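All remarks here apply to the structure that follows.
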Amino acid sequence: MRRLTRQVVRFAVLSLVAVAGLTAKAGPAAAAYTPEGLCGSSYYRLSSVALRTNGGSQWGTAYVLYSTSTRKNCAVTIKTGHVGVPTKTTAWLESESGEVGYDSDPYRWYAGPVYVTAPGECISYGGYVYNGAGTTYAYGSRWYVHCG
């Protein structure tokens, strides 16, 4: 009976150690960030644009989303280059009336979310990802994007 109890305890301890190790490794670096997950479950994508070099390398994607329940737009920029390394990453969103959402810092995974309320207006959105080598990959939309 004692031997069986020791085996059960040993198995339980080893299982907890294994789970703890997996949990520690599956932190933010391993998380699969989505625009909907960052903005909120009621948000859906309106559009996105890849932030690319002239040679085609992608460093991130800028997204704009909308929620009918909150009546707000949301913007995020998710890195695809230098992921996990702090480099300047920016997400911005602006309404025609001048309401601005802006987030920029040396982030590891993403910038944003930022929100604006723009009923009956057009919005502009964009993102930047700095590659750490003196070049910033950026996008800025025109005002006619997503009016209403």
Of the residues that make up the stretch 73-86, is at least one under 27 Å from residue 122 (Cβ atoms), at pLDDT 50 or above and more than 13 Å from the chain's Cα centre (by Cα)?
yes
Residues that are buried (at least 20 other Cβ atoms within 10 Å of the Cβ) and either touching a Gly at 6+ places or on another chain (Cβ under 9 Å) or free of Cβ contacts under 8 Å to residues at least 60 places away in the same chain (or both), at least 3 per element: which strands (runs of 3 or more DSSP E) completely within the stretch 33-148 meet that?
58-67, 72-79, 87-95, 110-116, 123-130
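The values are calculated or read from the model by the stated rules, or taken from the named source; none is laboratory data. Quantities reported herein were computed from a predicted structural model and do not represent experimental measurements. Cβ coordinates were reconstructed from backbone atoms using ideal geometry, including for glycine residues, and neighbour counts include every protein chain displayed.
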